[in-house]
1. Only residues that are loosely packed, with under 14 Cβ neighbours inside 10 Å and closer than 18 Å to residue 207 by Cα: list them for the range 242-267, please.
2. Considering only residues that are surrounded by 11 or more Cβ atoms within 10 Å (Cβ to Cβ) and either closer than 16 Å to residue 76 by Cβ or among the small types (Gly, Ala, Ser) (or both), which ones fall in the range 7-22?
3. Does the range 281-291 include one or more residues that are farther than 17 Å from residue 198 by Cβ and exposed (fewer than 15 other Cβ atoms within 10 Å of the Cβ)?
4. Which of (1) over 17 Å from the mean Cα position of the chain (by Cα); (2) touching a residue at least 12 places away in the same chain (Cβ under 8 Å); (3) in a helix (DSSP H, G or I) does residue 104 not meet, given it meets every other one?
5. If I filter the range 166-185 for residues that are surrounded by fewer than 19 Cβ atoms within 10 Å (Cβ to Cβ), of a type in the set (A, V, I, L, M, F, W, C), under 24 Å from residue 46 (Cα atoms) and modelled with pLDDT of 95 or more, do I get at least one hit?
6. Which members of the range 197-241 meet the condition of being surrounded by fewer than 17 Cβ atoms within 10 Å (Cβ to Cβ) and of a type in the set (Ser, Thr, Tyr)?
7. Among the helices (runs of 4 or more DSSP H) lying completely within the range 130-211, list those that include at least 3 residues that are among the hydroxyl-bearing types (Ser, Thr, Tyr).
8. Evaluate the range 27-40: report whether one residue or more is out of contact with any Leu (no Cβ under 6 Å at 6 or more places or on another chain), outside any helix (DSSP H, G or I), surrounded by fewer than 18 Cβ atoms within 10 Å (Cβ to Cβ) and of a type in the set (Gly, Ala, Ser).
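The values are calculated or read from the model by the stated rules, or taken from the named source; none is laboratory data. If you're wondering where the values come from, they're calculated on a predicted model, not measured in any experiment. Positions of Cβ are backbone-derived with ideal geometry, glycine not excepted, and every protein chain shown enters the neighbour counts.
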Amino acid sequence: MIILLPIFLTIAGFLFIKIKIPGFIKSWLSASRPLISLHYLFPTTFGILLGNYIYQEPINYMHSFLLIFSVFFSFQTSVIINDINDIKTDYFSNKNSLLNPGSFSIEYYRFLSLFFFIISLLSALVINYRIFLIVLFAHVLHFSYSSKPLRLKRFFPVSIFILALGALLAAISGYALFNSYKPFISFPPRAALFIFIPLFLSLNFRDLADYKGDGKTDITTLFTIFGIEKGRYINAFLVLLSYLLVPLILRFYPLFIATIPLGIVSTYFCIKKPLNEKMIFYIYFILIAILAVFVHTKTEIFIGPIF
């Protein structure tokens, strides 16, 4: 029964919050970044399927669900912590976030982040302690990204490196369900590059909405360094490059049939004003859906040698 404890705790916690602070859960959901949440769940699922293929062991669906549960609430913890630390930035950018327009006290959000943090770690711990350590490392990484004294999001391209590394950690956590002894060493290098490099190149677009606030709070991004207009075109080129590199990394060139048009359309929406983040995510999800077919039918392309 202990394996169900995180789920029971989550249900009880949400019921308590709903009764004690009416409207708070709805406020959190409205700014919970659902599209980016999905982005983190994809590499987790990919890691699970990769481990299943390599080790030819059955998927433990309860452990898999708990891991996805853990990764989701790990990301939600980071969202709240980031918004708390970005109050000034979001104000200058006129950005809708958990604390802007400020319907609820910041203390409520601190409590919610602690609640999510506990759920995330407990969900990982009931699987095994090595999964727990990977998820804990992800928490430390995202805390270092958002919070003082490091607040690494201030430094470009370190900030993008951390976001791409976070996605890779999610994949490794899924893979570790099958090999928790040395998951970082045995995780296929080609799969690691397939996740890390395209995301490292493409995630700059998320900083465009924060351009004004970042400039006034000493946060360096692609757009504060090169200016908003030149930055748009550099970002669009990097997004296109990220799509084109996927078939090259995987050495599966028929994928160009999908990545070239998707990359071009995504580039168009990167340049088009105003930026439509949702469309960029939707195009990315189309690529994920196509890749999911190959994860199921041609898994070997993700685990071959790098060179």
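1. Selection gives nothing.
2. Across the range 7-22, the qualifying residues are 7, 9, 10, 13, 14, 17.
3. Checking the range 281-291: not a single residue is farther than 17 Å from residue 198 by Cβ and exposed (fewer than 15 other Cβ atoms within 10 Å of the Cβ).
4. The failed condition is (3).
5. No, every residue in the range 166-185 fails to be surrounded by fewer than 19 Cβ atoms within 10 Å (Cβ to Cβ), of a type in the set (A, V, I, L, M, F, W, C), under 24 Å from residue 46 (Cα atoms) and modelled with pLDDT of 95 or more.
6. If the condition is that a residue be surrounded by fewer than 17 Cβ atoms within 10 Å (Cβ to Cβ) and of a type in the set (Ser, Thr, Tyr), then 233 is the only one that fits.
7. Correct list: 158-175.
8. Looking for residues that are out of contact with any Leu (no Cβ under 6 Å at 6 or more places or on another chain), outside any helix (DSSP H, G or I), surrounded by fewer than 18 Cβ atoms within 10 Å (Cβ to Cβ) and of a type in the set (Gly, Ala, Ser), one finds at least one in the range 27-40, hence yes.
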